[in-house]
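Everything on this sheet refers to the single structure shown next.
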Amino acid sequence: MSNYLWKVKAISNAREVVKGMEVEVVKSGSSAKPNIKEIGDAFERKYGIKLYNGFSISNFEIKSV
């Protein structure tokens, strides 16, 4: 099973998330981009910020590393 690393960067301000904040998401067994729940979990681990309902994946730039 392969692991895939994604770098996720906020491209706009939204509630507590400030433009430019970055997290990394590691996915195992799937090369699909991370979903909003996986991104939210990464923001909570790194910054202690919970992404609430209404956050859109379009607020983030997602790049494979």
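Bear in mind that the values in this text are calculations on the coordinates, not laboratory data. Here the structure is a predicted model, which means the values were calculated and not measured.
Listed values, structure above:
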| read-out | value |
| --- | --- |
| Computed [θ] at 222 nm, helices only, for the chain once each DSSP H run of length n ≥ 4 contributes -39500 (n - 2.57) | -5500 deg cm²/dmol |
| Added length on full extension, which subtracts the Cα-Cα distance from 0.36 nm per residue, Val26 to Glu44 | 5.0 nm |
| Taking the chain and dividing mean pair separation by its residue count, relative contact order in percent (alpha carbons under 8 Å, at least six apart) | 42 |
